[in-house]
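The values are calculated or read from the model by the stated rules, or taken from the named source; none is laboratory data. Remember, predicted model here, so these are calculated numbers, not experimental data. In this analysis, Cβ positions are derived from the backbone assuming ideal geometry, glycine residues included, and neighbour counts consider all displayed protein chains. Quick note on the areas: whole protein, heavy atoms, side chains included, nothing else; ligands and nucleic acids left out. Shrake-Rupley method; radii C 1.70, N 1.55, O 1.52, S 1.80 Å.
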Amino acid sequence: MKLWAGRFQNDTSALMDDFNSSIAVDSRMYKQDIQGSIAHAKMLAKCGIITAAEGTEICEGLMSILNDLRNGAAALSVDAEDVHMNVETLLIQRIGEAGKRLHTARSRNDQVALDVRMYLRDAADEIVALLEALQSELLEVAGLNVDVILPGYTHMQRAQPISFAHHLLAYCEMFSRDAERIGEAKKRINVMPLGAGALAGTTYPIDREYVAKELGFDAVCLNSIDAVSDRDFVLEFGFDLSLVMMHLSRFSEEIILWSTTEFGFITLDDAYSTGSSIMPQKKNPDAAELVRGKTGRVFGDLMGLLTMMKGLPLAYNKDMQEDKELVFDSLDTVAMCLRVFTDMIKTMKVNEDAMLQATLDGFLNATDLADYLVTKGESFRNAHEIVGQVVVACEKQGKRIEDLTLEALQEFSARVKPDVYEAISIENCVSRRKTSGGTAFDEVRKQLARLRGTSIENGKEI
Ligand code: ARG
């Protein structure tokens with residue numbers, strides 16, 4: 001018999017039961033559901049709404065259910081619709097009358113909001129930990145590659161030479177903000193809704209602050225209708241997860257490009273590549289491609305959440321049951337992607353010769369030649385024009401700028417002196433960009449130290 005069957009004369013159809021049931025999705029919140037119910041029961045007893053003996057009986061019953069669910073001695077069933085009614089049904093089966101008092105001063109509407117908030121605050125910590133693990137791997141690889149030079153690109157065209165570590169640390173900054181954002185979202189997740197009842201609050205003399213404290217919440221929801229109506233905290237988290245995926249996806253795209261024969265900047269480990277069923281020579285970057293592809297699902301989950309909420313009148317509507325499937329899918333996807341991505345980075349091989357080789361063609365030192373002319377007194381706008389002509393001439397002759405003789409260069413500007421070659425060497429193009437946050441090797445070392453939580457004094461990291 002359903003817990004809400006009192007006013008029903010006939011059974012719901014099996015098809016409807018199937019359609020209505022959320023247990024396949026929300027069963028993963030059983031721990032939170034039971035913890036929430038224990039705090040609620042303790043509060044009911046403390047406030048004299050149930051007796052102390054009933055309170056103890058309920059808490060013990062719930063603890064035994066928790067244990068049995070953990071070790072498989074008890075199971076949740078589709079018949080009881082969702083995790084909340086499953087736990088309550090099990091409790092009543094185990095302890096009888098006292099179990100029927102648990103749901104006093106509570107509705108599934110505030111209960112589900114509580115469970116989701118508890119589940120998401122733990123998930124937030126888990127995702128942040130995974131982001132930190134990825135960052136420490138990136139710091140590790142960056143540390144080994146400060147002096148490795150590769151082309152930096154704009155418009156996917158070779159632009160200026162940069163340190164490979166600098167490139168990796170750019171992602172580190174993005175993942176830092178992702179983690180920070182999730183921490184911010186957690187503040188809004190960690191607010192306690194219980195006591196809102198179905199929507200209007202409750203007639204019983206409950207103690208919401210006590211429950212909040214018991215369950216480790218920072219605050220209580222201040223409007224009972226809001227407490228059961230909104231899922232903005234789910235959406236916010238969904239957006240933060242989407243940003244993580246957006247960053248991972250861009251990085252994946254680069255990994256895929258870098259591992260092509262055309263680039264050859266990195267070689268992925270066999271452990272994170274796959275083969276082709278027909279082409280024996282193939283080694284494909286499937287891990288990175290899947291991360292890029294799964295980004296679509298996480299964005300889709302967010303769109304689903306936004307759309308699901310947009311037309312709902314206050315307060316609770318069953319539409320909101322859909323929130324969990326979407327956000328759980330995002331969480332599972334992001335967690336898996338972060339794990340795989342971290343290992344893929346850890347095991348990839350950096351081909352520094354190919355990276356350096358790629359900086360030689362494409363006039364990556366053209367800006368530096370213009371800057372050189374400026375140091376000799378030319379205006380930047382004129383210098384830009386002059387170097388543009390140098391590049392055209394080089395293209396015609398199939399030469400690099402540094403291949404031109406001093407005399408040839410002086411035909412473009414009399415300001416060119418023999419020190420020009422040093423000024424436009426690829427290594428100097430990197431090492432002279434000393435502005436804070438720039439690509440100069442020493443600057444990159446400083447960035448690395450800051451991200452590692454150390455600092456540099458007299459050239460030494462401390
Ligand atoms: N399974 C429901 C959900 O996930 C729980 C709340 C149901 N409340 C209700 N009044 N039907 O949203």
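Report, as a whole number in µm² per second, the diffusion coefficient that Stokes-Einstein gives for the chain at 20 °C and 1.002 mPa s using the Kirkwood radius over alpha carbon pairs.
Working: Rh = 26.5 Å.
Translational D for this selection: 81 µm²/s.
From Cα pairs below 8 angstrom and at least 6 apart in sequence, can you work out the relative contact order of the stretch 299-454, rounded to a whole percent?
Details: 102 pairs, mean separation 23.9, N = 156.
It comes to 15 percent, rounded to a whole number.
Would you please state the base-10 log of I(q)/I(0) at q = 0.13, 0.16 1/Å for the stretch 215-371, with intensities from the Debye formula using one equal scatterer on every alpha carbon?
-0.76, -0.94
Hey, got the dipole for the chain? About the Cα centre, +1 on K and R Cβ, -1 on D and E Cβ, debye to the nearest 20?
Details: 50 positive and 70 negative charges, 124 e Å.
I would put it at about 600 debye.
Just to confirm a number: summing +1 for Lys and Arg and -1 for Asp and Glu over residues other than residue 70 whose beta-carbon lies under 14 angstrom from that of residue 70, what do you get? Display every interim value, and only then the final one.
Numbers: positive: 28, 31; negative: 33, 68.
Residues near residue 70 contribute 0 overall.
Given a 1.4 Å probe and every protein chain left where it sits, what share in percent of the accessible area of the stretch 327-417 is carbon and sulfur? Write out the running numbers ahead of the final one.
Details: 2330 of 4490 Å².
Here carbon and sulfur together make up 52 percent of the probe-accessible area.
Please report how far the C-alpha centroid of the stretch 152-188 lies from that of the stretch 392-456, rounded to the nearest whole angstrom.
The two parts, judged by their Cα centres, are 24 Å apart.
To check you understand DSSP bridge types, tell me what percent of the beta bridges within the chain (both residues inside) are antiparallel, rounded to 5.
Numbers: 11 of 13 bridges.
If I count the DSSP bridges inside the chain, around 85 percent turn out antiparallel.
Give the accessible surface of the stretch 20-154 per residue, rounded to a whole number of Å², with probe radius 1.4 Å and ligands, DNA and RNA excluded. Show your work: numbers first, answer last.
On the way: 5000 Å² over 135 residues.
With the other protein chains kept in place, the stretch 20-154 gives 37 Å² per residue.
Could you state the angle between the C-alpha long axis of helix 286-310 and the longest principal axis of the C-alpha atoms of the chain, as a value from 0 to 90 degrees rounded to the nearest 10?
50
What length, rounded to one decimal in nm, is gained on full extension from residue 173 through to residue 15, with 0.36 nm per residue of separation minus their alpha-carbon distance?
Details: separation 158, 0.36 × 158 = 56.88 nm, distance 4.99 nm.
Using 0.36 nm per residue and subtracting the Cα-Cα distance, I get 51.9 nm.
Does the stretch 132-190 classify as rounded, prolate or oblate by the C-alpha gyration tensor (a ≥ b ≥ c root eigenvalues; a/c under 1.5 gives rounded; else a/b over b/c gives prolate, otherwise oblate)?
oblate
For helix 83-95, report the angle its Cα long axis makes with the longest principal axis of the Cα atoms of the chain; keep it between 0 and 90° and round to the nearest 10°.
The helix 83-95 is inclined about 40 degrees to the chain.
Which of the aspartates and glutamates could a cross-linker span from residue 100 if the Cα-Cα distance has to be under 13 Å and same-chain partners fewer than 8 positions apart are dropped?
54, 57, 88
Accessible area per residue for the stretch 229-292 in Å², computed with a 1.4 Å probe and the full protein assembly in place, what is it?
Numbers: 2950 Å² over 64 residues.
It amounts to 46 Å² per residue over the stretch 229-292.
I want to check the label-to-label distance for residue 353 and residue 455. Put each point 7 Å from Cα in the C-beta direction and report it in nm to one decimal.
4.2
Let me know the shape class of the stretch 293-372, please: from the alpha-carbon gyration tensor, a ≥ b ≥ c as square roots of the eigenvalues, rounded when a/c is under 1.5, otherwise prolate if a/b is greater than b/c, or oblate.
Values: a/c = 6.00, a/b = 2.36, b/c = 2.54.
Cα axes put the stretch 293-372 in the oblate bin.
Show which lysines lie in cross-link reach of residue 376 when reach means a straight Cα distance below 16 angstrom and same-chain residues fewer than eight apart are skipped.
Leaving aside lysines fewer than 8 places away in the same chain, those within reach of residue 376 are 417.
What is the helix-to-structure angle for 30-46, meaning the angle in degrees between its Cα long axis and the longest Cα principal axis of the chain, kept from 0 to 90 and rounded to the nearest 10?
Once rounded, the angle reads 50 degrees.
Which of the three applies to the stretch 15-163, rounded, prolate or oblate, going by the alpha-carbon gyration tensor with a ≥ b ≥ c and a/c under 1.5 meaning rounded? Intermediate values should be presented prior to the final figure.
Details: a/c = 3.53, a/b = 2.71, b/c = 1.31.
Prolate shape, in that a/c is at least 1.5 and a/b is the bigger ratio.
Which loop-located trypsin sites (Lys or Arg not before Pro) does the stretch 267-353 contain, where loop means any DSSP state but H, G, I, E or B and the Cβ has at most 12 other Cβ atoms within 10 Å? Write out the running numbers ahead of the final one.
On the way: sites: 282, 283, 292, 294, 297, 310, 318, 324, 339, 346, 349; in loops: 282, 283.
The qualifying sites are 282.
So how exposed is residue 454, as accessible area in Å² (1.4 Å probe, rounded to 10)?
Residue 454 exposes around 50 Å² with every protein chain in place.
Longest segment of the chain with no chymotrypsin sites (Phe, Trp or Tyr not before Pro) in a DSSP loop having at most 15 other Cβ atoms within 10 Å? Display every interim value, and only then the final one.
On the way: sites that count: 4, 8.
With chymotrypsin sites (Phe, Trp or Tyr not before Pro) excluded where exposed in loops, the chain gives 9-462 as its longest stretch.
Report, in listed order, any pair from 31/310; 213/310; 31/324; 2/310; 42/318; 42/187 with a Cα-Cα distance greater than 22 Å.
On the way: 31/310 30 Å; 213/310 33 Å; 31/324 15 Å; 2/310 31 Å; 42/318 29 Å; 42/187 25 Å.
Long pairs (Cα-Cα over 22 Å): 31/310; 213/310; 2/310; 42/318; 42/187.
Taking residue 186 as the anchor, which aspartates and glutamates have their alpha carbon closer than 13 Å to its alpha carbon, excluding any fewer than eight residues away along the same chain?
122, 125, 126, 178, 218, 232, 236, 240
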